[in-house]
Amino acid sequence: MLLIDCPWCGPRDDAEFHYGGEAHTLRPADPSALSDEEFAEYLFLQQNPRGLHLERWCHSDGCRRWFNMVRDTATNRILEIYPMGELPRSRAGLAAWRDNWRRNSAAELNARNRGG
Amino acid sequence: MADHGAQACVTPIDVLATPPGGPRDAGITIRERRLLGKLLLRGDPHDTDFNDIVQRTVGTAPPITPNRCVFHDALAVIWLGPDEWLVVTPPGREDGLLDALAAGGVAVTDVSDQSTVIRLSGPRAREVLAQGCALDLHPRSFSVGSAAQSRIGRVRTTLWQVDDRPGYDLLVSCSFAAWLWTWLTDAGGEFGVRVEAG
Amino acid sequence: MRRRSNRLEKGGRIDRTRPVRFRFDGRDFEGLSGDTLASALLANGVSLVARSFKYHRPRGIVALGAEEPNALVQCGIGNGTTPNQRATRIELTDGLIAASQNRWPLLRADIGAINSLLSPLLPAGFYYKTFMWPPGWWLRYEHWIRRVAGLGRAPPGPDPDHYRQVHAHCDVLVVGAGPAGLAAAAAAGRSGARVILADEQPEPGGSLLDEDDVEIDGRPAADWLPALIADLQAMPELTVLTRTTVNGLHDHGFLTMLQHRAPHEGSGRPRCTLWKVRARQVILATGAHERPLVFSDNDRPGIMLASAVRGYITRYGVTPGRRVAVFCSNDDAYRTALVLVRHGVEVPAIVDVRANPAGPLVDAVRAAGLAVHAGHAVAGTAGWHRLRSITIRKLSGDGQGFTGRRRTISCDTLAVSGGWTPAVHLFSQGGGSLAWDEALGAFLPDATLQQATPVGGCAGTMSVAGCLAEGHAAGGAAARTAGHEEIEAPLPRVLEHSQSLPDHLWTVPPGRPGRPLAKHFVDFQNDVTAADVHLAAREGYTSVEHLKRYTTTGMGTDQGKTSNINALAIMGEVLGSDIPGVGHTTFRPPYTPAAIGAYAGRTIGTLFDPVRTTAMDPWHRAHGATFEHVGQWMRAWYYPRPGESMRQAVDREVTAAREAVGLLDASTLGKIDIQGADAAEFLNRVYTNSWLRLQPGRARYGLMLGEDGMVMDDGVTTRLAENRFHMTTTTGGAGTVLDWLEEWLQTEWPDLDVRLTSVTEHWAVAALCGPRSRELLGRLCTDVDLSAEAFPFMSMREGTVAGIPARIFRISFSGEISFEINVRRRHGLALWEALVAAGEPLGLCPYGTEAMHVLRAEKGFIIVGQETDGTVTPIDLGMDWIVSKAKTDFIGKRGLARRDLLAPDRKQLVGLLSEDPRDVIPEGAQVVETVRSRPPMTMIGHVTSSYHSPTCGRPIALALVKGGRSMVGETVSIPLADRVVGAVVSEPRFFDPEGERMHG
């Protein structure tokens, strides 16, 4: 059982948390401007790496706040917990974001810009 | 004022009709704190207006340290989140406080009947809670004024420590209160359970 | 016949003044307080305690502790019986009843032993190979195989005992209270750290309890112990738990421990307590297990591990035999020889595979006048129910064969040692990697993902001095890491035998060259022989995981504690590989078998799952309601009068609601208080329709979609004030919808000023519906103008009802004029009773959820989760009217526009009218176009709701049917198990399609 350090409540058993899937999947500002394929990319496709994974959690039985986490899916080691809307601060976490998540986010940022 | 005070007030633990009693040297004592007022406040703790209104009406500023509660004039203000607090009042004081806070522009919701409070105290209270609660309640990490939202058994519970007997207030949704009450009597059975009237 | 006693004159930690009576296999015996079942059986000269799993060979006790592979017994009788208990771990109590397993009809005359003669026909994989034919017959075989091969019986009824679970937290958890663990706990405890020291035995001490040849600080180890343990017990933050097995090490310092009730504790105490521990630091002082040597007929009763022979003498004052030979590859077994001699037991020979054993222990044994046969091995053994003799021969130089003549030595016991295997189970479970140590001949802990430090035997350190030093250092370091200042203390001085290096002979050659190794047992519990390992290799099962599953070695209740290394080594020999090349299997929790009851804990009976009830529940109960579970809620289903069937009760309730007035407890609906300047904008984004211009005091129905366009929840939301709304959700969706909305606010739209608060339970809700509901409400509520003009459909007013402050909503889920009265929960019952009393003269009838379903189905109102299943869009439901075309975006808008969701042949909501007006189609039934005599048939849809409608005087059903809207008027078929129902497709509304009644 993971011990997750809620940024507000401190370390708690993972049973108190709700897993929210991959982080940094910004919702496009104007979804209607996307093709079915682009929309599917946003809605259904995830990275699912063996290794560092950027993911969202909610302390649902506690303060109900959402936050981001960098977790190694092979070892369950938690490298870092960081606020929603921000990027990882650790070197490894930031590298993972650059390698696997930035493309995703950039596409969405473009979409957001297109939507004005 | 309407005559609703004359209407029967029924709490979820009234329904169980547990007779008061039990051994004097019981390991734990449980009691429903009936019909307490409960108000949920939302606001930015760094906003001076918000803080001032809360200070003026409640008598104390909301705690900004997570997992803490403050006691003032029979009220308890419990930290629930970075912009969320629960004010627990003696029965009947919630209406006036609600009006005062709302008049000050605070986002406040009356949740008095959303949940009830069970007071658990006694020398074995910690051991009883440990049977269903994953929090570390050792005095080094949880003491008077500590508060936490967690689970007890299968039920979401907010608890805060009120004294060193030790005593805890357990806030639980009304529809889960009977289950928690039963759970406490079961978990405490080995140590002796005393039930006090609410 | 008087049984010969093997109890020694003196020694042991047993209480000779307190005899204990017990029964084994129907015979009465006497042991002593402090005995285990195993030591008491040995004291009584009982050497045959089990039959082996596959060949039903006679087996005896092999080990002293948890690693025992043979002596599995069924303990207790009736519902309290427990199978697969290791006799070595059962504390003897007065009246204990135990029975051997895996034998029929009797242990001494077991019919299954015929398998032993057939053993050439029962190789590894025999069951897999044989019982595959003919196809489908496995179930018949299985019944027979399980009966013959079963490991004990499950109790016939509910467990009379109870079990508890406890959460615990500590700075340092020390696993094992042997020398290393004790030293670690002492060092950590002195610093003031919160320490738990857990050990599976009844008293702390571990191997120090067994060794009478070790002195610490000038005293025998066992005499030195009590002062240390008293010190530990005096530390306020240190907890010593005995009879407690740490059986799992998981991520992030989470461990599970199983604590067993002591025999002297009554049945008021839990039989087992499952501890769930979160430890900042873990010290693994789990020790090591001795392993046997693999030689011909090495499984006869009387052949035991050398350390176990020693332990039975020193701890229990029992000698397992009167003439004990020793067979070993290391010095440690020489200690056993010396202990035997000290206690006056005859030691006819020490057979050592090493060509030139040397060192102080060897010298001491020779000085005692014992015969050491260096470079020899046991080539065979004799005796059926008990060892009678061994045959030894000189090993050839390469250890692959024998030279010289064979010599037979008579003995009743053989103490065997093939070396020591560190108990790395927990370390490995926690994701730790292992490294092979050639000198020790074992895998040792290497890297770990956890804050876990292996010490002592677990880390390959076998001397007492080394264990104490390592434990001491690790305990101090762990406390320091957990934030406590270490307090210096001197290390005790230890006097013990020094040992020279062991040798490793993984397979003793067969007595006659070229013979298969069919009686060279590797895994006693699973009857796996060296020949089986060879066979697995020949058949290609060379991966270590395949080897395990094909031969079953390392499986079962002992998980290969004594057999794993030998099996891997033999596989290595066959493959010409080294042992690290073979690798090892994964260690999994639990370390020793655990009662399932401990994992259930108190989550049984009434505590199994919370049952949620409303404020009006006492009334429902008092008035004979039947209930249905809706999630965790218990809702009144219908209120049968004496003699009424369900159908009659529901018909009566529906008719009353349509013709007079009905009353429903609607308290369970989810309710969310929404406040903030952006509340309307927020609703506009999460609902499919438009919310910006809703006036305060007015309400609107809303549908929520997932981002994929599928219907997720629905409900009526009311604007209480400019910046405040009261949202309702489905009963089942209350929690998920709140979480979902909060997620959008926090993760996508943190800029919106919106606050959400659940008020589901703050409000008790009584819903009046029917043509006389206004009249009834008027009798109890005088401060609200209830006229249709002043209080129109889809609006809300505040007032008092029966003197209780209330919010009254004019919304309808029945199609009738309806008022949903919300009061604080504390007044819910009083409100209900007042409504019932006032309504009686008007023909009021309380109705339950079944009538509610009928009423709404007659109107074609959907229920999310019944008409929808996560694959249904509003368009499929014919609810296009609620999907805004004008809004540029809302959650699900883009998803709804996906190509596939626009296809005309999607399943669409329609009505179904069965051709036979008495036939209520079962919900969930499949709709087909063409009926065939047997499946498969092309299914075009399914029935989502189906009831008898008293209003229509016939059955009605709702269904999702492919392209259903274009099929109105056509006939479809619904094949059932016993008949085929024909039904006409209709519009999904059966009553008052224009909705005139509810607006009135």
task: Would you please give the residues with an amide H less than 5 Å from that of B:Thr157, counting only those at least 5 places away or on a separate chain, with H modeled from the backbone geometry?
output: B:Ser150, B:Arg151, B:Ile152
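Is the shape of chain B rounded, prolate or oblate, going by the alpha carbon gyration tensor and its root eigenvalues a ≥ b ≥ c, with a/c under 1.5 for rounded and a/b larger than b/c for prolate? Can you show the working numbers first?
Working: a/c = 2.26, a/b = 1.39, b/c = 1.62.
Oblate, since a/c reaches 1.5 and b/c is not below a/b.
Compute the signed sum of charges (Lys and Arg +1, Asp and Glu -1) over the other residues within less than 10 Å, Cβ to Cβ, of C:Trp436. Don't skip to the answer; put the middle values down first.
Numbers: positive: none; negative: C:Asp437, C:Glu438, C:Asp446, C:Asp578.
With Lys, Arg at +1 and Asp, Glu at -1, the net is -4.
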statement: HN-Hα couplings for segment A:20-30 via Karplus (6.51, -1.76, 1.60; θ = phi - 60°), in whole Hz with x for Gly/Pro, come out as x, x, 4, 8, 6, 9, 4, 6, x, 5, 10
field: Environment charge of A:Asn76, counting only residues whose C-beta is closer than 15 Å and scoring Lys/Arg +1, Asp/Glu -1
entry: -3
query: Under 26 Å Cα-Cα from B:Lys38, which lysines qualify once same-chain neighbours fewer than 8 residues away are excluded?
result: C:Lys671
query: Any idea how far apart C:Ser543 and B:Thr60 come out in nm if each label point goes 7 Å out from Cα toward Cβ?
result: 6.2 nm
- request: Within 10 Å, count the other beta carbons around each residue, average over each peptide in C:450-461, C:682-693, C:200-211, and list them highest first.
  value: C:450-461, C:200-211, C:682-693
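Which value at 222 nm does chain B reach when only helices count, each DSSP H run of 4 or more adding -39,500 (n - 2.57), with the total divided by all residues and rounded to the nearest 500 deg cm²/dmol?
Working: 4 runs with 42 residues, N = 198.
Rounded to the nearest 500, the figure is -6500 deg cm²/dmol.
Let me know the mean shielding of C:753-764 by other chains, meaning the per-residue number of their Cβ atoms within 10 Å of its Cβ. Walk me through the numbers before you get to the answer.
Numbers: counts 1, 2, 9, 3, 10, 6, 6, 4, 11, 11, 2, 3.
If you average over the peptide's residues, the count of other-chain Cβ atoms is 6.
Once you have a ≥ b ≥ c as the square roots of the Cα gyration tensor eigenvalues for segment B:37-110, tell me rounded if a/c is under 1.5, and otherwise prolate or oblate according to whether a/b is larger than b/c.
Values: a/c = 1.56, a/b = 1.14, b/c = 1.37.
The shape class here is oblate.
Take peptides A:57-66, C:336-345 and line them up by average Cβ neighbours within 10 Å, highest first, as a rough protection proxy. List each step's numbers first, then the result.
Values: A:57-66: 21.9, C:336-345: 20.4.
Averaged packing, sorted descending, gives the order A:57-66, C:336-345.
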field: Within straight-line cross-link reach of C:Lys561, lysines at Cα separation under 21 Å, skipping those fewer than 8 residues along the same chain
entry: C:Lys54, C:Lys519, C:Lys548
query: What is the average number of partner chain Cβ atoms found within 10 Å of a Cβ in B:133-140?
result: 5
- request: List every residue whose amide H lies under 5 Å from the amide H of C:Val318, counting only residues 5 or more places away in sequence or on a different chain, with H placed 1.01 Å from N in the peptide plane.
  value: C:Leu8, C:Ile313
statement: Charge dipole of the protein assembly as shown built from unit charges on the beta carbon (Lys, Arg +1; Asp, Glu -1), centred at mean Cα; most positive-end Cα among B:Gln114, C:Thr849, C:Gln675 is C:Thr849
task: Using θ = phi - 60° and the Karplus relation 6.51 cos²θ - 1.76 cosθ + 1.60, list the HN-Hα couplings for segment C:168-180 in order, rounded to whole Hz, with x at every Gly or Pro.
output: 9, 9, 7, 6, 9, 9, 9, 9, x, 10, x, x, 5
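Work out the length of the dipole vector of segment B:71-196 about its Cα centre, built from +1 on the beta-carbon of each Lys and Arg and -1 on the beta-carbon of each Asp and Glu, and round it to the nearest 20 debye. Before the final figure, lay out the partial values.
Values: 10 positive and 16 negative charges, 108 e Å.
So the dipole magnitude of segment B:71-196 works out to roughly 520 debye.
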- line: For C:His385, the accessible surface traced by a 1.4 Å probe with all protein chains present amounts, in square angstrom to the nearest 10, to 40 Å²
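Ranked highest first by the average count of other Cβ atoms within 10 Å around their residues, in what order do C:323-330, B:67-74 fall?
Details: C:323-330: 26.2, B:67-74: 16.4.
Descending mean neighbour count gives C:323-330, B:67-74.
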- request: Any chance you could run the full-extension gain for C:Met937 through C:Leu495? It's 0.36 nm times the residue separation minus the Cα-Cα distance, nm to one decimal.
  value: 150.8 nm
query: For the protein assembly as shown, rounded, prolate or oblate, judged on the Cα gyration tensor with a ≥ b ≥ c (square roots of eigenvalues), a/c < 1.5 rounded, else prolate if a/b > b/c?
result: prolate
query: HN-Hα J couplings of segment B:101-115 from phi, Karplus 6.51/-1.76/1.60, θ = phi - 60°, integer Hz, Gly and Pro as x?
result: 5, 4, 4, x, x, 7, 6, 10, 10, 6, 10, 3, 9, 5, 8
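Arrange the residues C:Phe254, A:Phe44 by how much accessible surface each exposes, largest first, with a 1.4 angstrom probe.
Details: C:Phe254 20, A:Phe44 110 Å².
Per-residue accessible area, sorted high to low, gives A:Phe44, C:Phe254.
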query: Relative to the longest principal axis of chain C, what angle (0 to 90°, nearest 10) does the C-alpha long axis of helix C:306-316 take?
result: 80 degrees
- prompt: So for the protein assembly as shown, taking the charge dipole from beta-carbon charges (+1 Lys/Arg, -1 Asp/Glu), which of B:Trp179, C:Ile390, C:Pro357 sits furthest toward the positive end?
  reply: C:Ile390
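Rg over Rh of chain C, using C-alpha atoms and the Kirkwood radius, what does it come to?
Working: Rg = 38.2 Å, Rh = 34.2 Å.
Answer for chain C: 1.12.
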- request: Hey, can you grab everything whose amide H is under 5 Å from the amide H of C:Phe991? Only 5+ residues off in sequence or another chain; H modelled, so Pro and N-termini drop out.
  value: none
message: Helix-only mean residue ellipticity at 222 nm, chain C, DSSP H runs n ≥ 4 weighted -39,500 (n - 2.57), per residue, nearest 500. What is it?
response: -6500 deg cm²/dmol
task: Give the distance, in whole Å, between the Cα centre of segment C:911-957 and the Cα centre of segment C:768-847.
output: 37 Å
task: May I ask which residue of C:Thr603, C:Leu37, C:Ala465 lies farthest towards the positive end of the charge dipole of chain C, with charges of +1 (Lys, Arg) and -1 (Asp, Glu) on Cβ and the Cα centre as origin?
output: C:Leu37
field: Shielding of C:798-806 by partner chains, average beta-carbon count, 10 Å
entry: 3
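Taking the Cα centre of the protein assembly as shown as origin and charging only Cβ (+1 Lys, Arg; -1 Asp, Glu), how large is the dipole, in debye to the nearest 20? Walk me through the numbers before you get to the answer.
Numbers: 139 positive and 149 negative charges, 969 e Å.
Dipole magnitude for the protein assembly as shown comes out near 4660 debye.
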Size of electric dipole in segment C:1-98: Cβ of Lys, Arg +1 and of Asp, Glu -1, about Cα centre, debye, nearest 20: 340 debye
field: In nm, spacing of pseudo-spin labels at C:Glu628 and C:Asp869 (7 Å Cα→C-beta vector)
entry: 1.7 nm
- line: Here, B:Ala74 and C:Gln233, labelled 7 Å along Cα→Cβ, have an inter-label distance in nm of 5.0 nm
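The values are calculated or read from the model by the stated rules, or taken from the named source; none is laboratory data. Here the structure is a predicted model, which is why all the values come from computation and not from measurement. Every residue, glycine as well, gets a Cβ built from its backbone with ideal geometry; the counts of neighbours run over all protein chains shown. With ligands, DNA and RNA removed, areas are computed over all heavy atoms of the protein, side chains included. Shrake-Rupley method; radii C 1.70, N 1.55, O 1.52, S 1.80 Å.
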